[in-house]
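Only the coordinates and a few stated rules stand behind these numbers; no lab work does. Everything numeric here is computed off the predicted structure, so don't read it as measured data.
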Amino acid sequence: MNKIEHKTKFGKILISTDIQNELFYIKAIGGITPYLLKKDYEELLTFAENVDSFDYVVDISKLLWAHPINLKYLFKIKNHPKKRAHYVISSFWLQRSLAHMFRWVLTIEKTFESFQKYQEYKSNQ
């Protein structure tokens, strides 16, 4: 897996990409600003050049807040033609519930309590 980190004074994103498994995986930590989401989208565009399709997986377990303007980039990610599924991971039931409630906005397919649960789900498909 290729690992990339972008950070600001408010928070950071850790991006792991796996071309073989067509996986774009992000861990959001702290506060997520439009700058960080822009970097996420730029990395996604680069990654998408090397795959036919991909899963977009976001771990929000350590997310404290997200800037409302982030929706601009989230809609760009939502509409990427190679994105086949959008999954959310959180160890907290409240975050999973909120992601589930707003899944129609961002086309979130499913939520998981851990990355391991996501992998189990994918291996059973």
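With contacts defined as alpha carbon pairs under 8 Å and 6 or more residues apart, what's the relative contact order of the chain in percent?
Relative CO of the chain lands at 19 percent.
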Descending Cα extents along the principal axes, the chain, whole Å
36, 32, 25
The pairs in 27/82; 12/78; 83/122; 9/38; 39/76 lying past 19 Å Cα-Cα in this model are 27/82; 12/78
Beta bridge orientation in the chain: antiparallel %, DSSP, nearest 5:
45
Per DSSP H run of at least 4 residues, take -39500 (n - 2.57); add these up for the chain, divide by its residues and hand me the 222 nm value, nearest 500 deg cm²/dmol.
-10000 deg cm²/dmol
